[in-house]
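Colleague: Before anything else, here's the structure in question.
The values are calculated or read from the model by the stated rules, or taken from the named source; none is laboratory data. Remember, it's a predicted structure, so these values are computed and weren't measured experimentally. In this analysis, Cβ positions are derived from the backbone assuming ideal geometry, glycine residues included, and neighbour counts consider all displayed protein chains. These area figures cover heavy atoms from the full protein model, side chains too; ligands, DNA and RNA do not enter into them. Shrake-Rupley method; radii C 1.70, N 1.55, O 1.52, S 1.80 Å.
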Amino acid sequence: MIFGTGGFFAGRATGGTDTPAPPAPPAPTATAPAGLGPYEQNQVALNQPKLTGSLAVISQGWLPNLSGCSRSGEKGGPVLNKGEKVRVRCEMDAMSAIFVEYATDADRDKARVKTLGQNVDARKLTPGVGPATERATPSGRTNGNYVEFAYPASGKTVSGIWWDDAATPVAAYLLAYWKEGTGSQWEPMRDIWARYA
C-alpha cells in the first residue's frame, strides 16, 4: 500500500500530463521561398500543383499572392480556347490572373495579336495606356512581349496586361474592371505586374 501510493505520486510528479502538448508549427515547404509567412506558404502549396510544367516559370513570383486558382480539366475549371493546352484562372484582390500554355508558339502569337488590337482600342477606353513592347519581366525570369489592353464587357470596361515568354508557348495576363478594380488608372495594375512578374 505504501509503495503503491508512493509510486502513484512519484509517477505523477515525473510522468507526462494528461494535456497534449501544442502542435509544432508546420515547417516551410521545400518549394516555398524562405521568408514567407504561413499564409503565403499555404498559398504556394495550394497554387503550385495547378501551375506546373511550362507554366511554372511564368507563375513563380505570383504563387504566394494568388487565391482560388482553378485549372482547365477540373470540375468548375476554366474552358480552353482554341489553341490552348492548359488554362489556369486565379484571383488576386480585385484582379484576375490567367496563365495559359498554348499548343504551339504560333497559337500563343495569334492570341497576342488579339491583345494588340485591344491595345489600340484601349487608347480611347482607358487613357494613359502604354505601347506594346518587347521586354524582360522585372524578375528576369522571362523575356517576351508586354501589352496593355482594354475591351468593353457587359457595359463595363475591362483593362488588362498581357506578357508572354518568347522561349516557350506560354502567356499570362491580368484583368480588372477599369473603374471598379483600378480606379480608372493604369498604375495599380502596372505595380502588381512589376512586383510579381
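Colleague: Picking from Gln43, Gln60, which residue would you name as being within 15 Å of Trp163 (Cβ to Cβ), assigned to a helix (DSSP H, G or I) and out of contact with any Gly (no Cβ under 7 Å at 6 or more places or on another chain)?
Modeller: Gln60
Colleague: For residues that are in contact (Cβ under 8 Å) with a residue 60 or more places away in the chain and either among the aromatic types (Phe, Trp, Tyr) or open to solvent by 60 Å² or more (accessible area, probe 1.4 Å) (or both), tally how many sit in the range 86-128.
Modeller: Residues that pass the stated criteria total 5.
Colleague: Scan (1) small (Gly, Ala, Ser); (2) surrounded by fewer than 20 Cβ atoms within 10 Å (Cβ to Cβ); (3) touching a residue at least 40 places away in the same chain (Cβ under 8 Å) for the single condition Gly160 breaks and write down its number.
Modeller: The number of the failed condition is (2).
Colleague: Also, quick follow-up: For a quick check of your reading of the model, give me the residue pairs whose first member lies in the range 46-71 and is open to solvent by 50 Å² or more (accessible area, probe 1.4 Å), whose second is of a type in the set (Asp, Glu), with beta-carbon atoms closer than 6 Å and at least 6 apart or on different chains.
Modeller: Close Cβ pairs satisfying both conditions: Gly68/Glu91.
Colleague: May I pose another question? Looking at this structure, is Glu134 out of contact with any Asp or Glu (no Cβ under 9 Å at 6 or more places or on another chain) and assigned to a strand (DSSP E or B)?
Modeller: It is true that Glu134 is out of contact with any Asp or Glu (no Cβ under 9 Å at 6 or more places or on another chain) and assigned to a strand (DSSP E or B).
Colleague: Quick one: which of Ala13, Ala30, Ala24 is within 27 Å of Asp165 (Cα to Cα), open to solvent by 40 Å² or more (accessible area, probe 1.4 Å) and at pLDDT below 95?
Modeller: Ala30
Colleague: Of all the residues that make up the range 170-183, how many are open to solvent by less than 30 Å² (accessible area, probe 1.4 Å) and either over 17 Å from Glu91 (Cα atoms) or without any contact (Cβ under 8 Å) to a residue 12 or more places away in the chain (or both)?
Modeller: Here the count works out to 1.
Colleague: Any residue in the range 92-111 that is within 27 Å of Gly53 (Cα to Cα), of a type in the set (D, E, K, R) and in a loop (DSSP other than H, G, I, E, B)?
Modeller: Looking through the range 92-111, at least one residue is within 27 Å of Gly53 (Cα to Cα), of a type in the set (D, E, K, R) and in a loop (DSSP other than H, G, I, E, B).
Colleague: If Lys75 passes every condition in (1) assigned to a loop (DSSP other than H, G, I, E, B); (2) within 26 Å of Gln185 (Cα to Cα) but one, which one does it miss?
Modeller: All conditions are met except number (2).
Colleague: Between a first residue in the range 129-143 that is closer than 21 Å to Val113 by Cβ and open to solvent by 50 Å² or more (accessible area, probe 1.4 Å) and a second residue that is small (Gly, Ala, Ser) and part of a loop (DSSP other than H, G, I, E, B), which pairs have beta carbons less than 7 Å apart while being 6 or more apart in sequence or on different chains?
Modeller: Between residues of the range 129-143 that are closer than 21 Å to Val113 by Cβ and open to solvent by 50 Å² or more (accessible area, probe 1.4 Å) and residues that are small (Gly, Ala, Ser) and part of a loop (DSSP other than H, G, I, E, B), the close pairs are Asn143/Ala166.
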